[in-house]
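Chemist: Have a look at this one before I ask anything.
The values are calculated or read from the model by the stated rules, or taken from the named source; none is laboratory data. Predicted model only: the values in this text are computed from it and were never measured. Quick reminder, even Gly has a Cβ in these numbers, built from the backbone with ideal geometry, and neighbours come from all protein chains shown. These accessible areas exclude ligands, DNA and RNA; they are computed on the full protein's heavy atoms, side chains included. Shrake-Rupley method; radii C 1.70, N 1.55, O 1.52, S 1.80 Å.
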Amino acid sequence: MGLRPYRLLCDHRSTPMGIGAAKPLLSWALSSNVPGLLQASYRVHVVSLGKADGTGRAAWDSGWVEAGAPYGALYGGKELSSSTPYEWSVQVRDQHGAESRAANSWFETGLLHPEDWQARWVGRGALARRANPPEGRWQSRMTAQLPPPCQMRKEFDLDEGGFPRRARAYVSAKGLYQLRVNGQRVGRDELTPGWTDYRYRIPYQVYDITTLLSPGRNAVAAVIADGWWCGYVGFDPRQQARHYGAAPALLAQIVVEQPDGSSLVVGTDGTWAEHPGEILYADLLMGEARDWRMSTPGWDCPGFDDSSWAPVTVLDDATGQLVASTDEPVRVAEQLPARSVVTTAGRSIVDFGQNLVGRVRLRLDDTSTGQRVVLRHGETLDGERLYTDNLRTAEATDVVITAGTGNKRVFEPSFTTHGFRYAEVTGYPGTLRQDDVTAIVLHNDLLRVGELHCSDPTVEQLMSNIWWGLRGNLVAVPTDCPQRDERLGWTADAQLFLATACFNADLSAFMARWLEDLVGSQSADGAFSDVAPVLPTAPWRDAAPAWGDAGVIIPYHLWRTYGDRRILERCWGAMSAWVAHIERANPDLIWRHATGNNYGDWLQVDADTPRDLLATAYFARSAGLVAEVASVLQRPEEARRFSELAAKVRRAFASEFTSADGTVGPGTQTGYLLALGFDLLPEELARRSFSHLCKDIADRGHRLSTGFVGAPLLCPVLTERGRPDIAFRLLHQEEPPSWLYSVRHGATTIWERWDGWTEEGGFQTPQMNSFNHCAFGSVGAWLWEHVAGISQAEGSVAYTDLVLQPHLDPQMAWLSARYESPRGLVALRWDHDEDAFRLALEIPPGEPAEVRLPAPLLPARVAVDGEPVDGHPWARLVMARADAMRLSLPPGQWEISAPKR
Ligand code: BGC
C-alpha cells in the first residue's frame, strides 16, 4: 500500500454538522507502508447531497494541485447552501505518480443566512411561577436565589404517509439546553451551547433527528437552565446569577423533509408551552437539585396534557449574533466506577481514584417519599472528612428528593459540573454499594492525539496527571481550574500550557473558537484582558504581562502546530495592536506601564522576579512573534517595523536588567529563563547567565523556584544549552518544590501550587488552592519535545520539517511516544542501557526528518536497520562529530542502534 490519506477533517472537525464558514478547510493526514513517499499533488472532490433523495451534484473539483504538507485545501467550489450535506474525498499522488483515494467523508452546513431562521427566542411565560419545593428551607442562601429550569414543549404533525426523509434540529440557548424529541434525548452534547461572549456571539448546534420522528403527531421539548448566561460564574460577587441576562431562553428550529419532498419547519414561537419540572435549580457552581415528586411524566411525548402550562414569552431577538458552533461540544468522555465506598454514621465517602471533572450518577431505591439524598464533591479528604474549603463559595452539591415510586431509579444532574475525586453521600436509602455510583467525566469532545509512556512509574503518573488536568480544564473554555468559584478562561494558564496540551489533544478548533472571545475582548487601544470571555460585569483594564501576550502566543502556536494560516489572518489586527499598545505606553521600551494586575511570576517560590523584567521579556517575545507573523502574511513593512522593535526591546532588556557578569535582575531562575528562553542576550552574556542559572538550581539543593511563567522554560532551556542532566534531576526531584512532590503524595492531577499540601504545613490557604490546575503541567511539552524529542525545524509548520532529537534520561530504561501530527503519525521509542542505545522511529509521509542522535555515541558504529549509515540506501549523514550526529531519514519505520562505548 502506498500513500493513504486518512483523518479527513472539515475545519478541523471530523464529519461536522453545522459548518458555518463559506470556505471551510478540508484537510487530511497521510500514512504509508512504503518508505520514502510524499504527497506531490492532491485533488479534492466535493459533492452536494442536496435533498435526501441521494442525488449528488458536483460542488467542487479542485483539479490536481501540486502541493505537499500541510495537507489541506480551502473549499473553492460553488457557494455552499444552507442545511446541506456535502460528501467529499481527496485523492493524492506520490512523487512517482501513484494515486490513491481516501474513503469519503462529509460535512453539513448550518443555517448560513439570518433569514434561514424562522424560530424566535422564547423564555418563561408571564404566568411562570417558581417551583416551591415543599421542603424548600434546606436550600442555602445562594441556591435559594436560583429559579428552576424551565421545560418547554410543542407538538406538531407530520405526513401520515411515511417516515420523514431527513430532519434536523438547529438549537441554541441563552443559558443551557437539552433537547428532546418524542421522549428521547437528542444528541450527546452537554452544557450546550457552550460559553462564548454571548453579547457578541451565541453558538448553535445541529442534530440529525430523522430517526426520532414518526408519521403523525410528534413532540419536541427542551429543558433550559441558567448556565453561564445567568448562573453563578467566576468569583465576581457583584452580579451573581445575572451575567448576560436575567433568565434563560431557547431557540430551536426543526426542519423536516417529508416523504413527498416538501419541507416543514417547526420553530420556537409563542405557541410553545412552558412549565417548571422536577429540577428545582441547576447551577454550574452550586450544583443541581431535583425533586422527583415534581416530575411531569410524558411531558416530552405527544399527547401530554399541557393545558395547565403557560405560554412561553417571545423575546426580543436583538442580542448576540447566532453562529454555527465551530468546535465539538462537551460530551461524556468516560465513566469511572467507584474505587471504594466507606460508610460511617449514615455518611458515605466514595473514592473514584481520580480527580476529575463531571458529575456523579447515583442509583437508588425510590421507596420512600420526600427523602433528601445529598451528594457533595471534593478533590481530596482532610482525614476522613470531605475537603471542600478550597471550593470557596462553590457549593458543588447535588440533591435528589425521592418520590416513593417503588422503583430503582438513577439520579444524574444535567446542568452542572464539579471538580472532584471524592463524593460524600448522605440520606441514601439503604446501603450504598460501589456499583451504585459512577463518575461521569465531561469535557469538550477532543481527539486525543498523543500518548507518552516511560519506564519510570512516577513520571508515568505525572503524564497522567497532566492529561487529566487538561481534560478537566477543557470544559467550554480553557479554564484555570474546574472546582472553585472561578473556572474562568485565564489567558496565561492557557498560553503557558498550550504546547503541552497540543501534544495531548487536537485543540485547533477549540482554541480558535476561544480566541474569538480573547480577540473580541480587546479594548479600543489594543489591550487584551486577563480572562476570556470577559464577564460583562467585570471589565478588565489591561491584561497583565504574560497574560495578555496569550493573544499573540496562542494564534502563533496554533498556526505552527496545525498550519492553518487563517488563524493568523483573523488575529493579525489584534496581535499587532496589542504590541503597539505596549509600545505606546512604554516609550523607553521597558514595560512598566499598562501592566494591569501585573501578577509577575505567579506562585514562584521565594524568588520574585521583578515585574518590569518579566514584562519586558514578554514585550520582546510578542514583538518578535508579531514580526514573524507579518512576514508569513506578507506584510513586509510591518515585518520590518516589528522586528526592529523586537531588537530594540531586546537591547533595552539587556542593558536595563543584565550585568556584565551575566546576572539577570536579582538572579532569579525565571529571570534567567526569560532572558535565555526568549533569546534576549548576546551569546557571550547568555553563556554567563546560564551558569548562574545552573548554580542557583544547585544552591537550592537541585530545586526549582519558578512560578507559572518560568516553569515551562526551565527544562527546555537547560536541555537546549547542554545540561539535560540538570533538567532530569529536576524532573526526578521529589522534595518540594517539584513536580513529583505532589505525585509522591498521591496527586492524580497537577496542583495549582507547588505546596498545595505539605507534610509540615498541611493544606495551603483555602482561598487559592486548587488541586487541578494545568499551569505547572507545562513541563509536559519538554517531555514531548526534548525527552521524546518530537519537534519541528524553525520556520516549519504542521511538522512539515520534522526534527527528532531524543534525550536519554539515565534514570529511565525506555520511553515511547506516539503523536498524531497533522501530517500523520509520528512514533518514537528509545531504550538504552550502559552499553547500547536503540531508537525505533515512525516518520509519516512527507519530507525526510532530521534525526539528532543523543551524545555520546560512537558515530562510526551507528546503524540504521542493522546497516551502517555510511552507504545506507535511505539514511543520509548530515553531520557527525564526536559528541553529536545528525541523520536525515525519509518517511518510514526505522530502527537506529548504536553501542555507547
Ligand atoms: C487563577 C490563575 C490565574 C490567576 C491570575 C488565579 O485565581 O486561578 O490560574 O492565572 O488567578 O494570577
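Chemist: Here is a list of conditions, (1) in a strand (DSSP E or B); (2) among the charged types (D, E, K, R); (3) without any contact (Cβ under 8 Å) to a residue 24 or more places away in the chain, and residue 850 meets all of them except one; can you say which number that is?
Modeler: (3)
Chemist: From the residues in the stretch 305-327 that are acidic (Asp, Glu) and touching a strand residue (DSSP E or B) at 6+ places or on another chain (Cβ under 8 Å), which one is least open to solvent (accessible area, probe 1.4 Å)? First the steps, then the outcome.
Modeler: If we filter the stretch 305-327 for residues that are acidic (Asp, Glu), which is where we start, we get 305-306, 316-317, 327.
In the following step, the residues that additionally are touching a strand residue (DSSP E or B) at 6+ places or on another chain (Cβ under 8 Å) were identified as 306, 327.
Numbers: 306: 46, 327: 10 Å².
Among them, the one singled out is 327.
Chemist: Look through 495, 483, 434, 461 and report the one residue that is within 16 Å of the ligand (Cβ to nearest atom) and open to solvent by 10 Å² or more (accessible area, probe 1.4 Å). Give the derivation first.
Modeler: On the way: 483 fails: open to solvent by 10 Å² or more (accessible area, probe 1.4 Å); 434 fails: within 16 Å of the ligand (Cβ to nearest atom); 461 fails: within 16 Å of the ligand (Cβ to nearest atom).
That would be 495, the only listed residue that is within 16 Å of the ligand (Cβ to nearest atom) and open to solvent by 10 Å² or more (accessible area, probe 1.4 Å).
Chemist: Residues 630, 652, 639: which one is part of a helix (DSSP H, G or I), modelled with pLDDT of 95 or more and buried (at least 22 other Cβ atoms within 10 Å of the Cβ)?
Modeler: Working: 652 fails: buried (at least 22 other Cβ atoms within 10 Å of the Cβ); 639 fails: buried (at least 22 other Cβ atoms within 10 Å of the Cβ).
Testing whether each residue is part of a helix (DSSP H, G or I), modelled with pLDDT of 95 or more and buried (at least 22 other Cβ atoms within 10 Å of the Cβ) leaves just 630.
Chemist: Kindly check whether there is at least one residue in the stretch 24-43 that is over 18 Å from residue 99 (Cα atoms) and surrounded by fewer than 22 Cβ atoms within 10 Å (Cβ to Cβ).
Modeler: Restricting attention to the stretch 24-43, the residues satisfying the condition of being over 18 Å from residue 99 (Cα atoms) are 24-26.
Adding the requirement that they be surrounded by fewer than 22 Cβ atoms within 10 Å (Cβ to Cβ) leaves 25.
Yes, that holds for at least one residue.
Chemist: Test each condition in (1) within 21 Å of the chain's Cα centre (by Cα); (2) within 30 Å of residue 530 (Cβ to Cβ) for residue 188 and report the one that comes out false.
Modeler: (2)
Chemist: How many of the residues in the stretch 732-749 are of a type in the set (S, T, N, Q), surrounded by fewer than 21 Cβ atoms within 10 Å (Cβ to Cβ) and not in a loop (DSSP other than H, G, I, E, B)?
Modeler: 0
Chemist: Any residue that is under 20 Å from residue 598 (Cα atoms) and aromatic (Phe, Trp, Tyr) - is there at least one of those in the stretch 686-700? Please lay out each step first, then the result.
Modeler: Filtering the stretch 686-700 down to residues under 20 Å from residue 598 (Cα atoms) leaves none.
No; the residues of the stretch 686-700 include none that is under 20 Å from residue 598 (Cα atoms) and aromatic (Phe, Trp, Tyr).
Chemist: Next question. Taking the stretch 751-798, which residues are part of a loop (DSSP other than H, G, I, E, B), away from the ligand (no atom under 16 Å from the Cβ) and closer than 21 Å to residue 466 by Cβ? Give the derivation first.
Modeler: Our first condition is that a residue be part of a loop (DSSP other than H, G, I, E, B); within the stretch 751-798, this holds for 751-756, 759-761, 764-765, 769-774, 789, 793-798.
Now restrict to residues that are away from the ligand (no atom under 16 Å from the Cβ): 759-761, 789, 793-798.
Hit for the stretch 751-798 is 789, nothing else.
Chemist: Then there's this: Test of understanding: among 544, 509, 524, 550, which residue is modelled with pLDDT of 95 or more and more than 15 Å from the ligand (Cβ to nearest atom)? Before you say what the answer is, go through the steps one by one.
Modeler: Numbers: 544 fails: more than 15 Å from the ligand (Cβ to nearest atom); 524 fails: modelled with pLDDT of 95 or more; 550 fails: more than 15 Å from the ligand (Cβ to nearest atom).
Result: 509 is the single residue among 544, 509, 524, 550 that is modelled with pLDDT of 95 or more and more than 15 Å from the ligand (Cβ to nearest atom).
Chemist: For the stretch 655-666, name all the residues that are among the small types (Gly, Ala, Ser) and assigned to a helix (DSSP H, G or I). Talk me through it step by step, then tell me what you get.
Modeler: Taking the stretch 655-666 first, the residues among the small types (Gly, Ala, Ser) are 655, 659-660, 662, 665.
The one that is among the small types (Gly, Ala, Ser) and assigned to a helix (DSSP H, G or I): 655.
Chemist: Across the stretch 367-386, which residue is nearest to residue 427 (Cα to Cα) among those that are open to solvent by less than 70 Å² (accessible area, probe 1.4 Å) and among the polar types (S, T, N, Q)?
Modeler: Looking at residues that are open to solvent by less than 70 Å² (accessible area, probe 1.4 Å) and among the polar types (S, T, N, Q), I get 371.
Chemist: To continue, here is another question. So, in the stretch 726-773, how many residues would count as being modelled with pLDDT under 95, within 23 Å of residue 353 (Cβ to Cβ) and in contact with a Gly (Cβ under 7 Å, 6 or more places away or on another chain)?
Modeler: Of the residues in the stretch 726-773, 1 are modelled with pLDDT under 95, within 23 Å of residue 353 (Cβ to Cβ) and in contact with a Gly (Cβ under 7 Å, 6 or more places away or on another chain).
Chemist: Another question, if that's okay. Please enumerate the residues belonging to the stretch 863-886 that are within 41 Å of the chain's Cα centre (by Cα) and touching a residue at least 24 places away in the same chain (Cβ under 8 Å).
Modeler: Answer for the stretch 863-886, where residues must be within 41 Å of the chain's Cα centre (by Cα) and touching a residue at least 24 places away in the same chain (Cβ under 8 Å): 863, 864, 865, 874, 876, 878, 883, 884, 885, 886.
Chemist: Residues that are more than 30 Å from residue 244 (Cα to Cα): list the strands (runs of 3 or more DSSP E) wholly contained in the stretch 289-370 that include at least 3 such residues. Lay out the reasoning, then the answer.
Modeler: Values: elements: 321-324, 330-337, 340-344, 347-366.
Because the criterion is at least 3 residues that are more than 30 Å from residue 244 (Cα to Cα), the strands (runs of 3 or more DSSP E) in the stretch 289-370 that meet it are 330-337, 340-344, 347-366.
Chemist: In the set 544, 550, which member is under 27 Å from residue 326 (Cα atoms) and among the aliphatic types (A, V, I, L, M)?
Modeler: Numbers: 544 fails: under 27 Å from residue 326 (Cα atoms).
Residue meeting the stated conditions: 550.
Chemist: Continuing with this model, one more query. Quick one: residue 291 ticks every box in (1) charged (D, E, K, R); (2) open to solvent by 10 Å² or more (accessible area, probe 1.4 Å); (3) closer than 30 Å to residue 376 by Cβ; (4) touching a residue at least 60 places away in the same chain (Cβ under 8 Å) bar one, so which box is it?
Modeler: (2)
Chemist: Write out, first by first residue and then by second, each pair whose Cβ atoms fall under 9 Å of each other, whose residues are 6+ apart or on separate chains, and whose first residue, in the stretch 581-608, is open to solvent by 50 Å² or more (accessible area, probe 1.4 Å) and within 10 Å of the ligand (Cβ to nearest atom) while the second is assigned to a loop (DSSP other than H, G, I, E, B) and charged (D, E, K, R).
Modeler: 597/530; 597/541; 597/542
Chemist: Return the residues of the stretch 522-534 that are in contact with a strand residue (DSSP E or B) (Cβ under 8 Å, 6 or more places away or on another chain) and part of a loop (DSSP other than H, G, I, E, B); say none if nothing qualifies.
Modeler: Scanning the stretch 522-534 gives 530, 532, 533.
Chemist: Answer yes or no: is there a residue in the stretch 324-341 that is of a type in the set (Ser, Thr, Tyr) and farther than 24 Å from residue 433 by Cβ. Outline the logic, then answer.
Modeler: Applying the first criterion (of a type in the set (Ser, Thr, Tyr)) to the stretch 324-341 yields 325-326, 340.
Right, trim to farther than 24 Å from residue 433 by Cβ and you get 325-326.
Checked against the condition, which is being of a type in the set (Ser, Thr, Tyr) and farther than 24 Å from residue 433 by Cβ, the stretch 324-341 yields at least one hit.
Chemist: While we're looking at this one, here's another question. What pairs can you find where one residue is in the stretch 543-559 and in contact (Cβ under 8 Å) with a residue 12 or more places away in the chain and in a helix (DSSP H, G or I), the other is within 14 Å of the ligand (Cβ to nearest atom) and of a type in the set (Val, Ile, Thr), and their Cβ atoms are less than 7 Å apart, with a gap of 6+ or different chains?
Modeler: 550/491
Chemist: With the checklist (1) at pLDDT below 95; (2) touching a helix residue (DSSP H, G or I) at 6+ places or on another chain (Cβ under 9 Å) in hand, flag the one item residue 230 doesn't pass.
Modeler: (2)
Chemist: If you don't mind, there's one more thing I want to ask. Could you check how many residues of the stretch 464-480 are touching a Ser or Thr at 6+ places or on another chain (Cβ under 7 Å), of a type in the set (Val, Ile, Thr) and within 15 Å of the ligand (Cβ to nearest atom)?
Modeler: Residues meeting the conditions: 1.
Chemist: Looking only at the stretch 144-171, filter to residues that are among the aliphatic types (A, V, I, L, M) and over 20 Å from residue 122 (Cα atoms); which one of those is surrounded by the most Cβ atoms within 10 Å (Cβ to Cβ)?
Modeler: Taking the stretch 144-171 and keeping what is among the aliphatic types (A, V, I, L, M), we get 144, 146, 152, 158, 167, 169, 171.
In the following step, the residues that additionally are over 20 Å from residue 122 (Cα atoms) were identified as 144, 158, 167.
Numbers: 144: 11, 158: 20, 167: 25.
Within the stretch 144-171, the match that is surrounded by the most Cβ atoms within 10 Å (Cβ to Cβ) is 167.
Chemist: Check 396, 338, 345 and return the single one that is free of Cβ contacts under 8 Å to residues at least 24 places away in the same chain and not polar (S, T, N, Q).
Modeler: Values: 396 fails: free of Cβ contacts under 8 Å to residues at least 24 places away in the same chain; 338 fails: free of Cβ contacts under 8 Å to residues at least 24 places away in the same chain.
The unique qualifying residue is 345.
Chemist: OK, next. Taking the residues in the stretch 102-123 that are more than 16 Å from residue 50 (Cα to Cα) and aromatic (Phe, Trp, Tyr) as candidates, determine which candidate is least open to solvent (accessible area, probe 1.4 Å).
Modeler: Only one residue fits best here, namely 121.
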